[in-house]
Amino acid sequence: MLFEEQVVELLRRCEKLVGKELSQIRSDLKSAQTRGAAVWELLVIEASAHMGALQHEPRQNGTLDI
């Protein structure tokens, strides 16, 4: 479980890694139903960035691509 401050910092780092605001994830963090998935995606973005170049694409047909 992450504290709110940790999620905010993780979001900040991930936005810096991808070079843009992650507006859909920001929106998903506000809802109890989608918060867990949004945090998971942030964790995946951060972990993936350690493996190489990272590009986060916007939703297309309801899916996210990393």
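Structure summary
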| quantity | calculated |
| --- | --- |
| The listed residue being assigned to a helix (DSSP H, G or I), of a type outside the set (Lys, Arg) and either over 13 Å from the mean Cα position of the chain (by Cα) or modelled with pLDDT under 90 (or both), out of GLU5, GLU46 | GLU5 |
| Residue list for segment 22-37, restricted to those being open to solvent by less than 40 Å² (accessible area, probe 1.4 Å), part of a helix (DSSP H, G or I) and either under 13 Å from HIS56 (Cβ atoms) or among the small types (Gly, Ala, Ser) (or both) | ILE25 |
| Considering residues of segment 49-60 that are more than 10 Å from VAL18 (Cβ to Cβ) and of a type in the set (A, V, I, L, M, F, W, C) only, the residue modelled with the lowest pLDDT | ALA53 |
| Subset tally (residues that are of a type in the set (S, T, N, Q) and within 20 Å of LEU54 (Cβ to Cβ)) for segment 17-40 | 2 |
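The values are calculated or read from the model by the stated rules, or taken from the named source; none is laboratory data. Bear in mind the structure is a predicted one, so any value in this text is a computation, not a measurement. Cβ coordinates were reconstructed from backbone atoms using ideal geometry, including for glycine residues, and neighbour counts include every protein chain displayed. Just so you know, the surface numbers come from the protein's heavy atoms only, side chains and all, with ligands and any DNA or RNA stripped out. Shrake-Rupley method; radii C 1.70, N 1.55, O 1.52, S 1.80 Å.
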